[in-house]
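Enquirer: Have a look at this one.
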């Protein structure tokens, strides 16, 4: 199998269908699969997917936690490349094809791309635009000066062998927003974590609307700081 798309989902029955419909229309000519990991949902997310999208593999992770769900999906996947989306994220029809093209460079171990909102207000869309072109590229550059890296798990591709044999899977102890920072950082110690503009997806602005700009930005910085501190306490390669 060339690609396994893994989507963790907890109570996402009202959102997950849009992304799966776009995955069904992918232009990628190779072999690929979609795995939805139902993470202890109360709204019958898994049953909804099974009924509407019988071609999708649905597996269960009964312990809540998005990294637990991703790890469960990783262990079930057969693809050489693992692609990750959030349940409320909608890729383009060329998403898999574009992603695989970047892996022709042998030093790339992971790939992430930007997002825009499909249900945002003007101020939400302005933030997402600035995040895409300015905030994230600059933040990633700054992080890399301290032997760290950044990525969006809502839009990410990872070499399966690197994740399994070099990282030994996901760290399921992470239950806060630093899960993507932690994974991207460990990947960057093995090879290149690329940020590619042609990998843009659409996602829901619901969390941004709920938390607001200040809390969202503060949360990102807090998560990166906590990941850095955890690495330092573990005596791994984060510069002082």
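Enquirer: Just give me the residues in segment 78-97 being within 18 Å of residue 152 (Cβ to Cβ) and either in a helix (DSSP H, G or I) or modelled with pLDDT under 95 (or both), in sequence order.
Expert: 95, 96
Enquirer: Any residue that is in contact (Cβ under 8 Å) with a residue 40 or more places away in the chain, farther than 24 Å from residue 172 by Cα and under 19 Å from the mean Cα position of the chain (by Cα) - is there at least one of those in segment 25-41?
Expert: yes
Enquirer: Here is a further query. Within the set of pairs 6+ apart or on separate chains, which have a first residue in segment 211-224 that is assigned to a helix (DSSP H, G or I), a second that is surrounded by 12 or more Cβ atoms within 10 Å (Cβ to Cβ) and modelled with pLDDT of 80 or more, and C-beta atoms under 6 Å apart?
Expert: From segment 211-224, the pairs are 216/208; 223/178; 223/181; 224/181.
Enquirer: Given the criterion assigned to a helix (DSSP H, G or I) and surrounded by fewer than 17 Cβ atoms within 10 Å (Cβ to Cβ), identify the matching residue among 75, 100.
Expert: Among 75, 100, only 75 is assigned to a helix (DSSP H, G or I) and surrounded by fewer than 17 Cβ atoms within 10 Å (Cβ to Cβ).
Enquirer: Another question, then. Do we have any residue at all in segment 203-212 that's within 13 Å of the chain's Cα centre (by Cα), modelled with pLDDT of 95 or more and closer than 18 Å to residue 114 by Cα?
Expert: yes
Enquirer: State which residue is farthest from residue 131 (Cα to Cα) when the search covers only segment 163-190 and only residues that are surrounded by fewer than 19 Cβ atoms within 10 Å (Cβ to Cβ) and out of contact with any helix residue (DSSP H, G or I) (no Cβ under 7 Å at 6 or more places or on another chain).
Expert: Taking the candidates together, the pick is 165.
Enquirer: Right, here's the next one. Assuming residue 126 fulfils every condition listed in (1) in a helix (DSSP H, G or I); (2) in contact (Cβ under 8 Å) with a residue 24 or more places away in the chain; (3) within 28 Å of residue 209 (Cβ to Cβ) apart from one, which condition is it?
Expert: (2)
The values are calculated or read from the model by the stated rules, or taken from the named source; none is laboratory data. Values in this document were obtained by computation on a predicted structure and should not be read as measured data. As a convention, Cβ positions derive from the backbone with ideal geometry for all residues, glycine included, and neighbour counts pool all protein chains shown.
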